[in-house]
Each structure stands twice: as C-alpha cells, then as structure tokens.
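Report on the following structure.
The values are calculated or read from the model by the stated rules, or taken from the named source; none is laboratory data. Computed from a predicted structure; not experimentally measured. Using ideal geometry, Cβ is built from the backbone for each residue, glycine included, and neighbour counts are taken over all protein chains shown. The protein model used for the area step is the full one, side chains on, heavy atoms only, and it has no ligands, DNA or RNA in it. Shrake-Rupley method; radii C 1.70, N 1.55, O 1.52, S 1.80 Å.
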Amino acid sequence: MIRIISISAVTSAAIITSLGHNARPSPTPLVVHEWGTITTRHEASGTADGRLNRLDYYEPLADFVHRFEPPETSRNPLGTLLKVPVGTGRSDVTMRLETPVIYFHPAPGAPSLSPFDVTVNFRGGVLNEFYPEATPSVNGWNGARLSDGIVSTLTWKSVALTEGVKLPLTNRHVWLAPREVASTPVTVNGGETEQYLFYRGVANLPSLLRTELTATGMLLRPPARTPWLDASSATIGTAWVVDIRGKGIAAVRSTDPLTITRGDTGTILARITPFTPRDYTESALPRLRETMHTALVARGLYADEATAMLETWKNSYFATPGLRVFYLVPNEWTSYYLPLTIGTPHTMTRVIVGRIDIQTGSP
C-alpha cells in the first residue's frame, strides 16, 4: 500500500518525539550517536551504475579535511578513489559512503573520561576522507577492483572530550551544519579539534533495495545477496520516493514498512504508482523533511542531530532535481559492513540513510 504523507500527523509526532529525546538520557558515562548516508545510482532498468566517485557537482568539504589514497591505486588504470569533477570515474565504485559523523555525549556530572581510541572498518570499500587526523590502512587489496574482500580501517588515537575548545575556521555549509549539535567536542591525540569525528569513503557494494521503473510505476525488491543478515529477517521500515522538479516543486510517496527476509530475493516489497500532475506541490518537500526527521529521532538520534543531518544534505536531498528513493539502513547491515569500536564504556546509536538516485528514461 502506498500513501500520501499527512502533514498533520507528521508534525504532531515530530513535536512529541523531539521533546522526549532532547532530555538526553545517559544510561552510561558516554552516549555515542552517529549518522551518515550511503548513496547508490540505478538505471531505469534497475542496473546499478558505477563511477560514483565522478561528480558533476558536489558541495566541497572544509579545506583542512585529510584525504587518503592507497599506494596501490597508482598501479591501477581505473584511477583515483577520491571524488573527482572530471574524467569518467572508476567503474568499480558503486556506492559512496557520505558524511558519517560521530557525536559524543558524556553523562552530566560523570567524571571526566580518559582519552580513548575510536576505530571504524569498511568492508568492500576504502575510507579516504576524514577529520580530525586518523591512521588509515587497507587490507586485502592489490590495487585492482574493489570487492568484499577489502577491509579499510581508520583509527583515531587518544580521543579526548573537552568543552570550549577552538574549532577550525571554515565557511563550508556541509561542515558547519553538523556542528549545530549539543555534543562535546573532540581533540584527537592532543592536536586537531572538532565537534565530531568525520569520515567518508567509496565502495563496490549494492543498495539494500533493488529498483525498476516500469510502465505502471516503480518496483522495489530486496537485494540479491544478504551476507550481512544473520537473523531470518531485517526491517528497513518506510521507504520514501520523491521526484524533485526544482524551485521547491516535488511529489512524494511513502511505502508501508518493508522487511527483507533471508533467502527471499524475488519478492516485490512495494509497487509505487506513477505520480500525477496534482501530486507535484510546494508542500511535498517540507512534509518529507518533517517525516524523515521523525523517523531519524525514532531510530535514536537526538532532535538536534536529526536536524543537523537533514540540514547538511538539504541541497542533495531536497533541492537537486531528480527521482530518488530514501530508506533507513538496518543496523545489521551497518554492523557488518561498517563496524565501529569505541575504546571506553558507552551506549551507541547509529542511523544511516540509504539514498538511490534513479536515472529516468524509457522503461
């Protein structure tokens, strides 16, 4: 069943949920929250595109961000793994891991924490942009095509949590928006400071949803493989389908909650009927943003963190014309492909949004 989003229900839920989560409960000495995006691109037929490190337009990061190119890349005719505005891009880059940020919330009144290490691994890809300074490495790669056999690692050493530190200057919107969160800033190894830990990467991985445009609309199916799924099933929840025409005009539909079942790859999870002219309104995008905010908070982000995420991505999510699908990534996928280790007692919430850009054309 497909439904048009109700602004009254969404607004009420957002207000109630946001008030509750702003209380910032702290069951342990440290609460860790993370958000990020995985982006893929599909042809109308559903075929996944590569070359996603080639971008015609993207919002630049702050100039001080560190970049890492594995030395093996120089021996590969496919070229750089970094994002580039020219050239063809690498055919094996089928996913961008975009702007995960990690926030730290010490419990009020708790003793100061000793510095600790933070390590994130990326199965199937390379983590190649980060800040503050971290130690990068890649195992299982000889410079050929990206694959599941590759594991990239970033380690931030001696992360200290200190109020009132001076943050580096920048005017980049995608860097400043995530700072608008009431977390405790980090200092890494006694040097670089920031409101959060940041990283990005590229990978040869599929989306968690397969798409297909047909004469009667769009079909959503589960992935062809689920090596990350140990249980019998995993819940994606609602998926949002949006067609943006520019100047604030868009059409939006959402699905009922979607469930991926292990071994079941042929099921049609949802059928999205074509948009009609009356579906395209100026109110569609504000409703979508409110709905996504509610969903992010329901997954465990604080209200200001959800706001910061949507503000960071407001141009690529809500302003760039095109047909796209959004969904929330199951925790099982995140734990399998992007395990994160924090070297001090904590509770952790990780919320990753999946984004699929659809190349429209004749079905």
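Quick rundown of the values:
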| item | result |
| --- | --- |
| Residue in region 304-319 that is open to solvent by less than 10 Å² (accessible area, probe 1.4 Å) and small (Gly, Ala, Ser) present | yes |
| Which numbered condition Ala160 fails, given (1) among the aliphatic types (A, V, I, L, M); (2) within 18 Å of Val65 (Cα to Cα); (3) over 20 Å from the mean Cα position of the chain (by Cα) | (2) |
| Residue list for region 128-142, filter: assigned to a loop (DSSP other than H, G, I, E, B), buried (at least 21 other Cβ atoms within 10 Å of the Cβ) and hydrophobic (A, V, I, L, M, F, W, C) | Ala134 |
| Among the candidates Val202, Val159, residue that is open to solvent by less than 10 Å² (accessible area, probe 1.4 Å), modelled with pLDDT of 95 or more, under 30 Å from Thr259 (Cα atoms) and assigned to a strand (DSSP E or B) | Val202 |
| Of all residues in region 213-224 being open to solvent by 10 Å² or more (accessible area, probe 1.4 Å) and within 22 Å of the chain's Cα centre (by Cα), the one that is farthest from Trp156 (Cα to Cα) | Arg221 |
| Residue identified as out of contact with any Cys (no Cβ under 7 Å at 6 or more places or on another chain) and open to solvent by less than 10 Å² (accessible area, probe 1.4 Å) among Leu169, Leu146 | Leu146 |
| Qualifying residue in region 178-199 (condition: open to solvent by 10 Å² or more (accessible area, probe 1.4 Å), in contact with a Lys or Arg (Cβ under 6 Å, 6 or more places away or on another chain) and either of a type in the set (D, E, K, R) or part of a strand (DSSP E or B) (or both)) | no |
| Of all residues in region 236-264 being open to solvent by 30 Å² or more (accessible area, probe 1.4 Å) and within 19 Å of Ala319 (Cα to Cα), the one that is modelled with the lowest pLDDT | Lys247 |
| Counted residues, region 143-156 - those being assigned to a strand (DSSP E or B) and among the small types (Gly, Ala, Ser) | 1 |
| Condition check for Thr291: among the β-branched types (Val, Ile, Thr), under 30 Å from Phe104 (Cα atoms), in contact with a helix residue (DSSP H, G or I) (Cβ under 9 Å, 6 or more places away or on another chain) and surrounded by fewer than 20 Cβ atoms within 10 Å (Cβ to Cβ) | no |
| Wholly enclosed strands (runs of 3 or more DSSP E) of region 288-363 bearing at least 3 residues among the polar types (S, T, N, Q) | 347-359 |
